[in-house]
Structure formats: C-alpha cells, structure tokens
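This report concerns only the one structure given below.
The values are calculated or read from the model by the stated rules, or taken from the named source; none is laboratory data. Worth saying up front: this structure is predicted, and the values here are computed from it rather than measured. Positions of Cβ are backbone-derived with ideal geometry, glycine not excepted, and every protein chain shown enters the neighbour counts. Quick note on the areas: whole protein, heavy atoms, side chains included, nothing else; ligands and nucleic acids left out. Shrake-Rupley method; radii C 1.70, N 1.55, O 1.52, S 1.80 Å.
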Amino acid sequence: MNYIVLDLEWNQGTAKKYPEKPELPFEIVEIGAIKLNEACEPIDTFHAIIKPTVYLEMNSHIEQITHVSIEDLESGRNFNQAASSFLDWCGTNYRFCTWGSMDLTELQRNMTYFHLEQTLEKPLFYYNIQKLYSIRYSDGKSRVSLQNAVDALHIDKLIPFHRADADTYYTAMIMRILNMNEVKEYISIDYYQAPASHKEEIYLTFDTYSKYVSRTFDTKEEAMSDKGVTTTSCYLCRKNIKKKIRWFSYNSRTYYSLMYCNIHGWVKGKIRIKKTDSGKLFVIKTLKITDEDGAEKIRLRQEEARERRRHKKKETEQENN
C-alpha cells in the first residue's frame, strides 16, 4: 500500500464582497501531494492550481499566509478537472496522510459542492500525521504546527511553508523520521461521510482506547436513547460493565460517563455529537481506561454540570416571576 501525502490550500469568503457560503466555507485553490511507498520513499508528485469560481477575491488573511494573489490563480484548472486528475493519479491501493484533520473533509465538501461524484472509500480511513507526531513525541493530545514540528526534528527548511507542495514535502520528511510501522495502528477516520445505517457503524479498538461512530439520527434525543450509543463494555476484556455515573450532558454536544471493570478498573466514556452538512446528527463515542484521578475528574464534571443547570433554572424562575 502506498501513502498519499496530501495538502490543500483554500480561500474563504470576505466580509463584504464575497460573504461565506455555509455549504462551501473553504474553496480549494491548490492541491499538492506526494506518493510514498511503504518505506516512505517518494515515488511521484502531484500539483495543481485551481481557478476559483465562488470566492473571486483573496481573503486577506489567506493571502498573507500563502502569498498567493487572485491573479496567481487565473491560469488554474477548474476544480473538477484538477480533483479528477488527482484521484486518478492516486491509483487504487493507498492511504491518505495529512497534517491535521481538515483536508479530506474539505476535499469531499468541495466535491459535493461542484457535483463531482464521491469515489473515496467509506469509511475513509487516513493517517493524521499531526496526531501521530503527538503520540510519538508528546502526550497524544496536544497539536503543534507543521513548522514547529520541523524545527523540533531539525529538518532543513529548504522551501517556504504554507504552499501545498512545500507542506507535503515537510510532512513526508516527518513521516520518515516517525517510522510509520511503529505508529500506523493509530488510524484516523474522516467523518464527512457519516455512517448511514447500523451496518455502516464503525468500531475501532486501540491499545489505550476504543472508538465507535454511530449511524445518523434526526435529533439528539433519538441518538441518546439508542442502545448502541449508550451501551458500554470494557474494550480490553469485552465484558459489559456497570455504569457508576450514567451518561450526563456536560454541554449541548458532549456527554460523559464513568464505569468500573472488575478486571481493568475505571473506564471513562465520552460522547461527542456531530452534525453532517445535511443537518443529521451522529455520535462519536470513546472509552478509555483511567485511574482514580481520571474518575474524580468525571465526578467533578458531573457536579459542575448539575450546578450550571441549577443556576440556569434559578435564573429562569426569577425571569418568570
């Protein structure tokens, strides 16, 4: 299997002349990619400039970062031509690699907006090299910029950052240093194409946590009443475990729970509710072994959520009196 190291540059709306379109917040203007073999050795490269058709003026912040003007894009291809050529170039046996989690979502969103047939696999697994860098060199949660990672690894900065071909080059260099064989089990999922049925729901188990991605629902209440969403089991021994703290809402999109496994100890659960572009909702549930300190944090979150609800109820009663 080859690795396709992908980086996209995009433009976005300006406040007055070209306000943001919710269905296309970022219009892709550049595609850069490097194809690597399993040893992370370069095989081929791809680069395309895309002439914008939605945002016809460069956002000042984007222009400042990329040093690209709208005139630089005039000779580019249209999106469908460039994206089709890119996907043909990728071949058939590959895995995308990106720095961060946005590129594949925005690629698919642009494909939808410009009516280019979705040909990417579902579910779309990929490697988030930014996350793998954190797992290898930090706590697995923190995220650093590409430039900071390059500096930390003492990689020579031969070309400027924030252009698609440059950022793919630096990402590929980091992958070689990471040793992908040591971190490749930590695969990521792009959520743009959410599961549409029970059959498509996703279950993944890693060394330190498990992840479940549900099918779509019409409402949050429907999602949180689904047994597949709320059921918990220890991802290490596969046994059902009793909830010590049932799922509670910490905010409108996040729920927590606390369980105890007689073999592996405390297990904390987190549910994030996400929305698709069509307005449907789906759930990402993670379960992770924790210690007494981690369990106490869940208890404190529950008390904090209760206090907020009490305060809100009191304010409502005062307003109605």
Scanning for something more than 21 Å from Asp167 (Cα to Cα) and touching a Lys or Arg at 6+ places or on another chain (Cβ under 9 Å), does the range 32-53 turn up at least one residue? no
Of Met173, Met180, the only residue that is without any contact (Cβ under 8 Å) to a residue 24 or more places away in the chain and within 30 Å of Ile159 (Cα to Cα) is Met173
Log entry, pairs with first residue in the range 207-229 being without any contact (Cβ under 8 Å) to a residue 60 or more places away in the chain, second being surrounded by 17 or more Cβ atoms within 10 Å (Cβ to Cβ) and not basic (Lys, Arg), beta carbons closer than 6 Å, six or more apart or on different chains, reads Val229/Ser214; Val229/Ala223; Val229/Val283
Among the residues of the range 1-11, the number that are modelled with pLDDT of 95 or more and out of contact with any Ser or Thr (no Cβ under 8 Å at 6 or more places or on another chain) is 6
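Using the structure shown, decide if Ile263 is open to solvent by less than 70 Å² (accessible area, probe 1.4 Å), in contact (Cβ under 8 Å) with a residue 12 or more places away in the chain and outside any helix (DSSP H, G or I).
Values: open to solvent by less than 70 Å² (accessible area, probe 1.4 Å): no; in contact (Cβ under 8 Å) with a residue 12 or more places away in the chain: yes; outside any helix (DSSP H, G or I): yes.
For Ile263, the condition - open to solvent by less than 70 Å² (accessible area, probe 1.4 Å), in contact (Cβ under 8 Å) with a residue 12 or more places away in the chain and outside any helix (DSSP H, G or I) - is not met.
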Here are some residues: Leu24, Leu8. Which one is of a type outside the set (Phe, Trp, Tyr) and surrounded by 22 or more Cβ atoms within 10 Å (Cβ to Cβ)? Leu8
Out of the residues in the range 215-247 that are more than 26 Å from Arg306 (Cβ to Cβ) and of a type in the set (S, T, N, Q), state the one that is modelled with the lowest pLDDT. Asn240
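Per-residue answers, yes or no, for (1) open to solvent by 40 Å² or more (accessible area, probe 1.4 Å); (2) in a loop (DSSP other than H, G, I, E, B); (3) not hydrophobic (A, V, I, L, M, F, W, C):
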position	(1), (2), (3)
Ala15	yes, yes, no
Tyr18	yes, yes, yes
Ile28	no, no, no
Ile31	no, no, no
Ile34	no, no, no
Glu38	yes, yes, yes
Ile43	yes, no, no
Val54	no, yes, no
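To keep it simple, each residue is scored yes or no on (1) under 29 Å from Gly279 (Cα atoms); (2) at pLDDT 95 or above.
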{"position": "Tyr55", "(1), (2)": "yes, yes"}
{"position": "Leu73", "(1), (2)": "no, yes"}
{"position": "Ser85", "(1), (2)": "no, yes"}
{"position": "Thr92", "(1), (2)": "no, no"}
Restricted to the range 276-296 and to residues being among the charged types (D, E, K, R) and surrounded by 13 or more Cβ atoms within 10 Å (Cβ to Cβ), the residue farthest from Cys234 (Cα to Cα) is Asp277
